[in-house]
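The structure appears below as structure tokens.
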Amino acid sequence: MIPRRALLLVGMLAGASLGHMPLALANPRQDASTQQQQRMQGFLRAPRLVGQHRFTYWGFEVYDASLWADSEFSPEDWARQALILELRYLRDFKGADIAQRSIDEMHGQRALGPVQLKSWLDTLQQLIPNVRSGERLTGVYRPGKGMQLLHQDRFVGEVMDAELAQRFMGIWLAPETSQRQLRQQLLAGARP
């Protein structure tokens with residue numbers, strides 16, 4: 001049996017929410033996308049869905065990831081632009097496990113010193129809540145400032161360390177990510 005920790009690939013934010021739509025709707029996906037876009041307008045000037053992807057690990061579905069950015073988003077300069085990453089979890093996870101996996105991914109991309117590693121792990125363990133299947137975590141990234149975290153659209157806390165926020169978002173968006181297919185799909189709708 002695969003340990004629960006192995007199923008994690010870093011899940012800190014929350015995924016595409018399709019919500020509970022009445023069966024009578026002609027196009028429930030379009031309506032869900034409209035609701036999602038309305039939620040994003042509080043954080044971005046002209047929000048648009050850049051890309052989305054269902055992340056699976058060893059055949060287990062882990063989360064649905066969605067990347068939102070302003071209309072002029074450029075993937076080459078992702079770290080210099082405001083963006084939102086949502087993860088809708090498809091399994092239950094402890095926040096402490098998500099935090100540890102996040103640190104493992106960041107450390108795998110570029111080594112963290114022991115003091116930085118401990119400090120960042122402590123920060124993420126305090127910030128990331130436990131999630132249940134169907135729940136969303138949303139990371140609102142502000143370049144050079146940090147990141148806010150929302151759980152089910154409710155503010156949980158923020159990271160004021162700009163480097164930690166950028167490295168955290170880099171788990172999904174940096175070229176060095178361990179999950180290149182996920183990155184490719186999240187950036188798929190970016191305009192050249």
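Ratio to report: Rg/Rh of region 29-174, with Cα atoms as the point set and Rh obtained by the Kirkwood method; give two decimals.
Details: Rg = 14.8 Å, Rh = 15.7 Å.
That ratio is 0.94, to two decimals.
For L117 and E158, calculate 0.36 nm times their separation in residues minus their Cα-Cα distance, and state this gained length in nm to one decimal. Don't skip to the end; give the middle numbers.
Working: separation 41, 0.36 × 41 = 14.76 nm, distance 1.79 nm.
Using 0.36 nm per residue and subtracting the Cα-Cα distance, I get 13.0 nm.
Computed FRET efficiency, Cβ-Cβ of K145 and R180, R0 35 Å: what is it to the nearest 0.05?
0.80
Using the Karplus curve 6.51 cos²θ - 1.76 cosθ + 1.60 with θ = phi - 60°, work out ³J(HN,Hα) for each residue of region 100-113 in order, rounded to whole Hz, and write x for Gly and Pro.
5, 5, 4, 4, 4, 5, 5, 5, x, 6, 7, 3, 9, x
So, how do all the Cα-to-Cα distances of region 144-192 break down into 10 Å bins, in percent, from 0 on up?
P(r) for region 144-192, in whole percents per bin: 25, 37, 37, 1.
Report ³J(HN,Hα) in whole Hz for each residue of region 163-172, in order, from the Karplus equation J = 6.51 cos²θ - 1.76 cosθ + 1.60 where θ = phi - 60°; Gly and Pro get x.
5, 4, 4, 5, 5, 5, 5, x, 3, 9
So how much slack lies between F60 and A96, counting 0.36 nm per residue of separation and subtracting their Cα-Cα distance, in nm?
On the way: separation 36, 0.36 × 36 = 12.96 nm, distance 2.00 nm.
Answer, rounded to one decimal: 11.0 nm.
Read-outs throughout are calculated quantities, based only on the coordinates presented, and are distinct from any laboratory measurement. In this text the structure is predicted, and so the values were computed from the model without any measurement. Note: ideal-geometry Cβ built from the backbone for every residue, glycine included; neighbour counts use all protein chains shown.
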